[in-house]
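Asks: Here you go, one structure.
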Amino acid sequence: GTTITSLQAQMDTLINFTDGGVNFKVGKSVNGSISGEQVVPYDSVKYDTEGGFDNTSPNYSYTINIAGTYVFSFGVGTYGDEFTMNLVRKRAGVETIIQQLSNGGDLTSGTTYYLTAISSVELNDEIFVYLESGTIFINSYYSFNGSRISG
């Protein structure tokens, strides 16, 4: 059998498994750091089967075109700063945190963190990653992904 060594590898495997379904993967075109209180600026679309990702400022969000249950995942690197990030669903103007990621005070520089969440979403919900506090490092390796796994 095959050994999967990271959540990102598991997400990529799931997307390959659901090939032909509803999938998106976005990243950052230029390496760099971003600091708190902003939507993470994923501006490079790797693929998007439904054309739902808006990679322009200030949006950087995925709009659900087909309701169902989705798995979402993203990764970030750190410089040794404390950070808190949210996977957010915006429905009819109301933002709800689906899941939160924090390094819990671990100030080790160069550490990678991943978040994976499964959520039921409705038509026209917007999904995005929000950096609540701290500083993170993102590039094309640290992607934001989504895949519809059931109706």
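Asks: Run through all the Cα pairs of the range 32-105 and give the fraction in each 5 Å bin from 0, expressed as whole percent.
Replies: Result, from short to long distances: 3, 11, 23, 27, 20, 11, 5, 1 percent.
Asks: OK, next. Not counting ligands, DNA or RNA, and with a 1.4 Å probe, what is residue 123's accessible surface area in Å² rounded to the nearest 10?
Replies: 100 Å²
Asks: Calculate how large, on average over all directions, the projected area of the Cα convex hull of the range 96-151 is; give the answer in nm² to one decimal.
Replies: Computing the convex hull of the Cα atoms and averaging its projections yields 5.1 nm².
Asks: Oh, and also: In Å², what does the accessible area per residue of the chain work out to with a 1.4 Å probe?
Replies: Heavy-atom SASA per residue in the chain reads 47 Å².
Asks: Based on Cα positions only, what radius of gyration and what Dmax would you give for the chain, in angstroms?
Replies: 14.6, 46
Asks: Of the peptides 23-29, 138-144, 115-121, how do they stack up when ordered by the mean number of other Cβ atoms within 10 Å, highest first?
Replies: The densest-packed peptide leads the list: 23-29, 138-144, 115-121.
Asks: Mind checking the angle between helix 7-17 and the chain's longest principal axis? C-alpha axes, 0 to 90 degrees, to the nearest 10.
Replies: Between helix and principal axis, roughly 20 degrees.
Asks: Turning to a different aspect of this structure: What net charge do the residues around residue 109 carry, taking every other residue with its C-beta under 13 Å from that of residue 109, with Lys and Arg at +1 and Asp and Glu at -1?
Replies: For residues surrounding residue 109, the net value is -3.
Asks: Before rounding to the nearest 500, sum -39500 (n - 2.57) across all DSSP H runs of length at least 4 in the chain and divide by the residue total; then give [θ] at 222 nm in deg cm²/dmol.
Replies: -2000 deg cm²/dmol
Asks: Going Cα to Cα from residue 46, which lysines come in below 16 Å? Please leave out same-chain ones fewer than 8 positions away.
Replies: Candidates past the 8-residue exclusion: 25, 28.
Asks: Using protein chains only and a probe of 1.4 angstrom, how many square angstrom of residue 126 are accessible, to the nearest 10?
Replies: Only protein atoms counted, so the area is about 60 Å².
Asks: Which value, in debye to the nearest 20, gives the size of the charge dipole of the range 18-151 about its Cα centre, when Lys and Arg are +1 and Asp and Glu are -1 at the Cβ?
Replies: 240 debye
Asks: Here is a follow-up. Rounded to the nearest 10 Å², what accessible area does residue 112 have for a 1.4 Å probe in the complete protein model?
Replies: 50 Å²
Asks: Further question on the same structure: Pop out the carbon and sulfur fraction of the accessible area of the chain as a percent, whole number, probe 1.4 Å.
Replies: Here it works out to 46 percent.
Asks: Under 8 Å for C-alpha pairs, at least 6 residues apart: give me the relative contact order for the chain, rounded to a whole percent.
Replies: 36 percent.
Asks: Pick from 110, 93, 51: which is most flexible by mean-square fluctuation in a GNM of the chain where alpha carbon atoms under 10 Å apart are linked?
Replies: Highest fluctuation of the listed residues: 93.
The values are calculated or read from the model by the stated rules, or taken from the named source; none is laboratory data. Computed from a predicted structure; not experimentally measured. Neighbour counts are summed over all protein chains in view; Cβ atoms, including those assigned to glycine, are modelled from backbone coordinates with ideal geometry. For accessibility, only protein heavy atoms count, side chains too; no ligands or nucleic acids. Shrake-Rupley method; radii C 1.70, N 1.55, O 1.52, S 1.80 Å.
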